[in-house]
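Throughout, read-outs are computed from the coordinates displayed, never taken from laboratory work. What you are looking at is a predicted structure, and each value in this text was computed from that prediction instead of being measured. Counting neighbours? That spans all protein chains shown, and the Cβs are built from the backbone with ideal geometry, glycine included.
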Amino acid sequence: MRTQAKNTDRPMAGKPFLRVLNGETVKPPPVWLMRQAGRYLPEYRETREEAGSFLDLCYTPELAAEVTLQPIRRYGFDAAILFSDILVIPDALGQKVWFQEGVGPKLSPLAGPSDCRALQLDAVEAHLAPVFATLRILARELPTETALIGFAGAPWTVASYMIEGGSSRDFLRAKAWAYEDPEAFGQLIEVLVEATSRYLIAQVEAGAEALQVFDSWAGIWPEPEFRRWCLEPMAAIVQRVKAAHPSVPVILFPRGAGPLYEDVALECGADGLSLDTTVPLGWARKRLQGKVTLQGNLDPVRLIAGGEGLDREVERILKELGEGPFVFNLGHGIDKSTPPENVSRLVERLRAAYVTS
Ligand code: 1CP
């Protein structure tokens with residue numbers, strides 16, 4: 001939580017995205033979109049084909065940098081997010097990870113605590129060297145006003161894929177493991193806190209100027225387990241990252257946390273919170289925006305539908321959150337069926353909203 005928001009009448013120099021994370025209000029607000037590089041862009045599909053497998057794309061610095069830059073060239077977003085995936089961490093720890101065409105991520109699932117003991121923390125930074133090389137290219141090639149975001153998955157979300165062996169609807173295996181053997185589950189979470197902290201610190205050292213931690217499946221827990229498996233591990237990561245790099249801003253995305261967003265704002269030491277689509281904006285303005293910079297939360301399906309409904313929704317979000325420190329974004333990742341021209345419309349509307357006033 002920030003102690004003091006800055007006065008914003010006299011704009012400071014610097015990248016708008018970083019100024020806003022530092023507590024300034026900037027108009028129009030900076031904008032980027034979660035999953036802004038991806039299959040909705042024809043140029044991404046082309047590079048993806050060239051790379052072969054999805055992990056090859058993540059681990060080939062020139063190609064990963066290219067797909068990171070594609071949406072920046074097309075739309076002039078205020079921030080570029082490193083092209084990678086949250087599942088490079090289990091891959092670096094020695095668990096087999098692959099991406100099946102048309103299905104999604106697959107992992108050979110952890111069967112229990114003995115499999116956790118085989119995870120190799122020591123190899124993480126060396127294994128992820130290509131990711132750091134990607135960041136170094138981007139730090140060199142991005143336009144001067146564009147910020148560079150590094151990211152990782154939060155321990156619970158990554159653990160869920162490691163235990164389920166891929167995506168899941170109900171997280172039965174992962175949740176049952178946590179309830180039946182919290183000690184062993186806690187050890188897995190601790191390995192992930194350590195690996196993720198080291199990974200994020202190394203990303204900053206390679207050129208990332210801000211970090212986002214994605215807890216995409218935080219919303220499935222009762223409160224006590226949310227605190228233990230989502231909030232506390234994220235707080236530990238923020239603490240370790242800030243101990244190494246005190247001024248690097250960190251954004252947390254505890255998707256589905258509902259009223260527990262407030263506890264995350266108060267207790268995790270983050271600079272920004274990314275709001276999912278369901279968070280009521282009046283509540284967020286009153287309860288959260290004085291404490292942290294807010295980011296969000298356009299429904300990604302609005303971006304598929306487009307039209308005047310999209311314009312009205314952009315205006316509503318700006319009216320609710322645009323008078324404080326705010327980054328315009330989606331409430332979750334952009335869908336692959338999104339027409340690219342609707343993204344242009346969004347960015348134009350957002351910036352035009354401030355031209356006449
Ligand atoms: O074939 C393809 O091109 C694969 C599609 C794809 C892409 C483009 C995957 C597989 N990952 C990514 C990139 C990615 N993933 C980024 C890149 C940067 C960007 O442009 O934003 C980021 C930040 C992620 C993060 C990620 N991966 C999350 C957290 C955010 C979220 O959307 O909730 C999660 C849960 C994943 C796992 C994952 N990787 C890929 C898919 C399809 C999924 C989701 C599967 C599921 O729903 O369970």
What is the Rg over Rh value, at two decimals, for region 253-357, using alpha-carbon atoms and the Kirkwood definition of Rh?
0.98
Candidate lysines for bridging to Lys286, where Cα separation is under 19 Å - those fewer than 8 sequence places away on the same chain excluded
Lys6, Lys319
Once you have a ≥ b ≥ c as the square roots of the Cα gyration tensor eigenvalues for region 33-90, tell me rounded if a/c is under 1.5, and otherwise prolate or oblate according to whether a/b is larger than b/c.
oblate
DSSP bridge orientation in the chain - percent antiparallel, rounded to nearest 5
15 percent
Sort out for me the Cα centre separation of region 188-255 from region 68-120, rounded to whole Å.
16 Å
Give me the net charge for the shell around Asp91: Cβ to Cβ below 13 angstrom, other residues only, Lys and Arg +1, Asp and Glu -1.
0
Subtract the Cα-Cα distance of Glu183 and Glu141 from 0.36 nm times their separation in residues, and report this length gain in nm to one decimal.
10.6 nm
Which ³J(HN,Hα) values, rounded to whole Hz and listed in residue order, are derived for region 236-252 from phi using the Karplus coefficients 6.51, -1.76 and 1.60 in 6.51 cos²θ - 1.76 cosθ + 1.60 with θ = phi - 60°, glycine and proline given as x?
5, 5, 4, 4, 5, 5, 6, 5, 7, 9, x, 9, 7, x, 10, 10, 10
Given 0.36 nm per residue, what is the gain on full extension from Arg316 to Arg45 after removing their alpha carbon distance, in nm?
94.3 nm
One finds the C-alpha centres of region 266-280 and region 288-304 to be spaced, in Å, by 9 Å
Virtual spin-label span in nm between Ser168 and Asp263, 7 Å along Cα→Cβ:
2.1 nm
Under a cut-off of 18 Å between alpha-carbon atoms, report the aspartates and glutamates in cross-link reach of Lys15, not counting same-chain residues fewer than 8 places apart.
Glu24, Asp78, Glu141, Glu145, Glu209, Asp271
Over the chain, what is the relative contact order in whole percent, taking alpha-carbon pairs under 8 Å and six or more residues apart?
21 percent
Using 0.36 nm per residue, how much length does the chain from Ser337 to Asp56 gain when fully extended, once their Cα-Cα distance is taken away?
98.8 nm
Stick to the Cα atoms of the chain, pair each with every other, and give me the Kirkwood hydrodynamic radius in Å at one decimal.
20.5 Å
Residues whose built amide H sits under 5 Å from the amide H of Leu128, excluding neighbours closer than 5 in sequence, are none
Quick one: grab the alpha carbon gyration tensor of region 1-120, order the square roots of its eigenvalues as a ≥ b ≥ c, and give me rounded if a/c is under 1.5, else prolate or oblate depending on whether a/b is larger than b/c.
oblate
Round to the nearest 10 and give me the degree value, 0 to 90, for the angle of helix 61-75's Cα axis relative to the longest principal axis of the chain.
30 degrees
Sites Glu194 and Tyr354 - FRET efficiency at Förster radius 30 Å, r taken between beta-carbons, to 0.05
0.10
Inter-probe distance in nm under a simple model that places probes 7 Å from Cα toward Cβ, at Arg287 and Ser114:
4.6 nm
Burial-style ranking of 90-99, 272-281, average other-beta-carbon count within 10 Å with highest first, yields 272-281, 90-99
